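Worksheet for the structure shown next.
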Amino acid sequence: VEQPDAIIHQPVRLKIMAALKALPRGEQLEFVRLKAIVNATEGNLGAHIGTLESAGYVKVEKDFNGKKPRTRVSLADAGARAYADYVAYLRSILDGEGVPIHAD
Amino acid sequence: MSLSPNEAADALRDIAAVETRSHRLYGYRQGSPHLILWGVLWAIGYGLNEPWPQQGRAIWSALVAIGLVGGFLIVLRSHAQRANRTGAKPRIYWRFPAIALTGLAFVFASIAVMGPAGGRQIGAFIPLVVAAGYAVMGFWLGLRFTIAGAVLAALTLVGFFLLPAHFSPWMAVVGGGTLMLSGFWLRTA
C-alpha cells in the first residue's frame with residue numbers, strides 16, 4: 001500500500017473503523033456506545049459516520065427501541081477491506097523502520 | 001499525506017486500544033442477559049428450596065434445564081440476527097451447549113468425588129464454581145466479569161459460614177441479586 005486511504009486516515013474515522021472491526025462480522029454498535037468508545041462529540045461522530053457511510057464503508061440502521069430513536073452502525077465488507085489495507089499501510093511504514101508496537 | 005514511523009506507531013496503538021475497548025464492551029453486552037437470566041433462576045431456586053428442601057433436586061433440575069435452554073436461545077438469537085445482516089449460512093452453534101455440558105459434568109463429578117455433601121454444601125459449591133468461571137472470563141473479557149465473580153464468591157462464603165441457618169434465603173436474595181445487578185451493570189458499560 002503506497003498511499004493511505006484518505007477517508008480512513010482521519011483519526012476519528014479510523015477509531016470508528018477500529019471499533020467496528022473488533023466485533024464479529026455483521027455485528028452492530030449503537031451510536032451512544034460508539035460515541036463513548038471513540039470519545040467524540042455527538043455532532044462530530046455523526047458527521048464522520050456520514051462520510052464513512054457515503055464511502056460504503058459502514059452501514060447505518062435507524063429504528064426505534066420502544067419510543068427512543070436508535071442508530072446502529074456496522075462495518076460493510078468494503079470497509080473491512082479498506083481498514084485491513086490501512087493497517088497494512090501503517091505496518092509497512094514501521095516494517096521499514098523496525099519500530100516496535102505494543103498495544104496497552 | 002504520508003506518515004512518519006512515530007505517527008504510524010501512534011495510530012496503531014490508538015486503534016489497538018479502541019479495538020480492545022470495543023471487544024470488551026461487546027463481551028459485556030453479550031454476557032449481560034445470561035447473568036440476569038441466571039440471577040432470576042437462582043432467586044427462584046433458592047427461594048423455593050427454603051420451604052421445600054425435599055424437592056430441591058426436582059426444582060433445580062427444572063431450573064437448570066430452563067437456564068440452559070434460555071441461554072442457548074439468547075446465543076441463537078444473537079447469531080441469527082447477525083446472519084440475517086450478513087447473509088451468512090446457518091451454522092451449528094456447538095460452543096454454548098459444549099460449555100454447558102462440560103460445566104455440568106465437572107460439577108456432578110466433583111460432587112460425586114467429594115461426597116457425601118449436604119444441600120447447603122452443594123448450594124455453596126456450585127455458586128463458587130460459577131463465580132470462579134466469571135472471574136476467569138474477566139481476565140479475557142473485562143474486569144467487570146472478574147468483579148462480579150469475586151463479589152459472588154465472597155457473598156456465598158459469607159452466607160455459608162456466617163448465616164448457615166438462613167443460607168437459602170441469603171442466596172436467593174443476595175446470590176440471585178448479585179447476578180442480576182451484575183448483568184445490568186454490564187449493560188451500562
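The values are calculated or read from the model by the stated rules, or taken from the named source; none is laboratory data. Bear in mind that the values here come from a model prediction, so they are computed numbers and not experimental data. Backbone-built Cβ (ideal geometry, glycine too); neighbour counts: all protein chains shown.
Being within 22 Å of B:His23 (Cα to Cα), surrounded by 14 or more Cβ atoms within 10 Å (Cβ to Cβ) and either facing another protein chain (nearest Cβ under 10 Å) or modelled with pLDDT of 95 or more (or both) is a property that A:Ala84 lacks.
Please verify whether A:Ala47 is among the hydrophobic types (A, V, I, L, M, F, W, C) and within 14 Å of chain B (Cβ to nearest Cβ), treating the condition exactly as stated. So A:Ala47 fails the test. Against the list (1) within 14 Å of the chain's Cα centre (by Cα); (2) aromatic (Phe, Trp, Tyr); (3) more than 24 Å from B:Gly159 (Cβ to Cβ), the condition B:Trp94 fails is (1).
Restricted to the range B:4-26, and to residues there that are facing chain A (nearest Cβ under 7 Å) and closer than 25 Å to B:Met180 by Cα, the residue that is surrounded by the most Cβ atoms within 10 Å (Cβ to Cβ) is B:Ser22.
If only residues of the range A:3-18 that are surrounded by 19 or more Cβ atoms within 10 Å (Cβ to Cβ) and assigned to a loop (DSSP other than H, G, I, E, B) are counted, the one that is farthest from the other protein chains (Cβ to nearest Cβ) is A:Asp5.
Taking the conditions exactly as written (closer than 21 Å to B:Gly31 by Cα and assigned to a helix (DSSP H, G or I)), does B:Trp140 satisfy them or not? The answer is yes for B:Trp140.
What residue, among those in the range A:52-75 that are crowded, with 17+ Cβ neighbours inside 10 Å and more than 15 Å from A:Phe31 (Cα to Cα), is farthest from the chain's Cα centre (by Cα)? In this case the residue turns out to be A:Ala55. Could you run through the range B:142-160 and say how many residues are in contact with a Phe, Trp or Tyr (Cβ under 6 Å, 6 or more places away or on another chain) and under 14 Å from B:Gly177 (Cβ atoms)? So the answer is 2. Looking at the range A:19-35 only, could you name the residues that are facing another protein chain (nearest Cβ under 8 Å) and among the hydrophobic types (A, V, I, L, M, F, W, C)? Within the range A:19-35, A:Ala19, A:Leu20, A:Ala22, A:Leu23, A:Leu29 qualify. With respect to B:Arg29, is the statement that it is buried (at least 19 other Cβ atoms within 10 Å of the Cβ) and either farther than 30 Å from B:Thr156 by Cα or touching a residue at least 12 places away in the same chain (Cβ under 8 Å) (or both) true? So B:Arg29 fails the test.
Here is the figure for the range B:121-147: residues that are small (Gly, Ala, Ser) and surrounded by fewer than 19 Cβ atoms within 10 Å (Cβ to Cβ) total 3. A search for C-beta distances below 9 Å between a residue of the range A:27-40 that is in contact (Cβ under 8 Å) with a residue 40 or more places away in the chain and more than 11 Å from B:Arg21 (Cβ to Cβ) and any residue that is surrounded by fewer than 19 Cβ atoms within 10 Å (Cβ to Cβ) and small (Gly, Ala, Ser), counting only pairs 6+ apart in sequence or on different chains, returns A:Glu27/B:Ser78; A:Phe31/A:Gly46. Per this entry, A:Val60 is counted among residues that are of a type in the set (A, V, I, L, M), outside any loop (DSSP other than H, G, I, E, B) and away from chain B (no Cβ under 12 Å).
Against the list (1) crowded, with 20+ Cβ neighbours inside 10 Å; (2) modelled with pLDDT of 95 or more, the condition A:Lys21 fails is (1).
To keep it simple, each residue is scored yes or no on (1) in contact (Cβ under 8 Å) with a residue 60 or more places away in the chain; (2) more than 8 Å from chain A (Cβ to nearest Cβ); (3) assigned to a loop (DSSP other than H, G, I, E, B); (4) within 30 Å of A:Glu30 (Cα to Cα).
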| residue | (1), (2), (3), (4) |
| --- | --- |
| B:Ser2 | no, no, yes, no |
| B:Val40 | yes, yes, no, yes |
| B:Gly56 | yes, yes, no, no |
| B:Val64 | no, yes, no, no |
| B:His79 | no, yes, no, yes |
| B:Ala88 | no, no, yes, yes |
| B:Pro97 | no, yes, no, yes |
| B:Leu101 | no, yes, no, no |
| B:Ser110 | no, yes, no, no |
